[in-house]
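The structure appears below as structure tokens.
The values are calculated or read from the model by the stated rules, or taken from the named source; none is laboratory data. What you see is a predicted model, and the numbers here were worked out from it, not measured in a lab. All Cβ positions, even for glycine, are placed from backbone atoms using ideal geometry, and neighbour counts span all protein chains on display. When the accessible area is computed, the model is the full protein with side chains, heavy atoms only, and any ligands, DNA or RNA have been set aside. Shrake-Rupley method; radii C 1.70, N 1.55, O 1.52, S 1.80 Å.
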Amino acid sequence: MRAHRLALILAGALCLGACSSLNPFSSSNTKIPSLKPLTSSVNATETWKGRVGGAGRFVFQPAVSGDAVFAAAGDGTVVRLQAGRSVWKTSVDTPISGGVGANSRLVVVGSPKGEVIALDAESGQIKWRVSVNAEILAAPVLSDGIVVVRSADSRLFGLDPADGKRRWVYQRALPALSLRNSAGVVLEGNAVFAGFPGGKLVAVSAVNGSLMWEGAVAVPRGATELERIADITSLPVLGARAACAVAYQGRIACFDLANGSTLWTRDMSSSKGLDQDGRQVFVTDAKGAVHALDLSTGASAWKQDQLAGRGAGRPRVVGEHVVVGDIEGYVHVLRKDDGSLVGRQRTDSSPILADIQRAGSDIVVQTQDGSVYALGVQ
């Protein structure tokens, strides 16, 4: 275990120097491309704004449950916001490195020392704390029956939501080098979907942690361990019948949701992730261009490269549009049918590294400086 943790640290150090697409704070002198004026405009307006605190060197995903938004900061602060107003604010008395997972009952975060902390969603009071003995970088996911936590060494833990008691652990052999990232898992019904170093997408039983199926998104290639990194560093996305994922220095692939058989693959490198709407898959590639691909075949529908070099993040579908954040704090609005840029809204000018979340007709954005915005896209 210690050897693999050293490998994780080494991979992180290598990527800070070599994998600039994974490091928006790189010391590279490359100038961020300027934005072109929009020829048509869609309103992306601020509905409300809240505050939680800076993320520091971590990435925190805001969580939406009903009309509540939960957010965390690196100093151990967790807040519940409603319409931008702080309903409660709690300190968990330890730094936080992974979060937030939430439903109507629980809010769950993780610490650099491997502590999982659950708070009551209504009051903010701490309900339980347990240790998984490994740093937590990803947001936990939960349902009424299970809390799933992913540690930085890519183990998955199934915990009882009542008291945090461990029900199962899933782990697998990993490559010598892997990328340090905050990718979590997706919980759908009784299945947990997770991407792994080496390019594997797996479905695991949420009941007992057993493997249901495994698919190869990417096959490591190259002469050196660094060249052979082909890790899935973002969340998979699920549709009615397909589960899709994308790997860094690898491919994008879609699999049959029921049995894991491969539907299609195509070469594409991405560390940011993807989304889909039932007809198309939308993905941000390693250069920052946004693509739309046919969900059934993988064929290209359009490519928008005006955001290349701006650290564009994971695309999210909102109605008839796709929204993407960047490292200057802009949220860009693309037309879903042709990829044209039709709107933008700036937040607090700090990087948007967390996934944009959907909240009814709005989207929720958390910046690295700790501002939380709800934006309407019309």
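FRET efficiency for the Asp305 to Ser361 pair, using the beta carbon distance and R₀ = 35 Å, is estimated at 0.75.
Per residue, segment 108-232 exposes an accessible area of 39 Å² to a 1.4 Å probe, with every protein chain left in place.
Return one quarter of the surface area of the convex hull spanned by the alpha-carbon atoms of segment 153-258, equal to its mean projected area, in nm². If you can, show how the numbers build up before the last one.
Numbers: hull surface 26.7 nm².
The orientation-averaged projected area of the Cα hull of segment 153-258 comes to 6.7 nm².
Quote to one decimal, in nm, the extra length available between Asp93 and Asp337 on full extension: 0.36 nm per residue of separation minus the C-alpha distance between them.
On the way: separation 244, 0.36 × 244 = 87.84 nm, distance 4.73 nm.
Roughly 83.1 nm would be gained on extension.
For the residues Ser349, Ser34, Ser182, a GNM of the chain with alpha-carbon springs under 10 Å puts the largest fluctuation on Ser34.
Rounded to 0.05, the FRET efficiency of the Glu122 and Ser41 pair, given R0 = 35 Å and the Cβ-Cβ distance, is 0.30.
Within the same chain, lysines fewer than 8 places from Lys336 are excluded, and of the rest, those with a Cα less than 28 Å from its Cα are Lys36, Lys49, Lys272, Lys287, Lys303.
For Lys165, the lysines whose Cα falls under 19 Å of its own Cα, not counting residues fewer than eight places away in the same chain, are Lys113, Lys127. Size check on the chain: the Cα extents along the three principal axes, sorted descending, read 54, 51, 42 Å. Across segment 275-289, coupling constants 3J(HN,Hα) worked out from phi with the 6.51/-1.76/1.60 Karplus curve, θ = phi - 60°, read 8, 8, 10, x, 10, 9, 10, 10, 9, 9, 7, 5, 8, x, 7 Hz, and Gly and Pro carry x. Modelled spin labels at Ser210 and Ser34, positioned 7 Å past Cα toward Cβ, are 6.2 nm from each other. Here the accessible area of the chain is 47 percent carbon and sulfur, with a 1.4 angstrom probe and all protein chains present. Among the aspartates and glutamates, which have Cα under 16 Å from the Cα of Lys200 when same-chain residues fewer than 8 positions away are ignored? Filter leaves Asp153, Glu214, Asp231, Asp256, Asp267. For Val331, the residues whose modelled amide H falls within less than 5 Å of its own, excluding neighbours fewer than 5 places apart on the same chain, are Gln345, Arg346, Thr347.
Using a 1.4 angstrom probe on the protein heavy atoms only, could you order Tyr373, Tyr330 from most to least accessible area?
On the way: Tyr373 10, Tyr330 45 Å².
The ranking, largest first, comes out as Tyr330, Tyr373.
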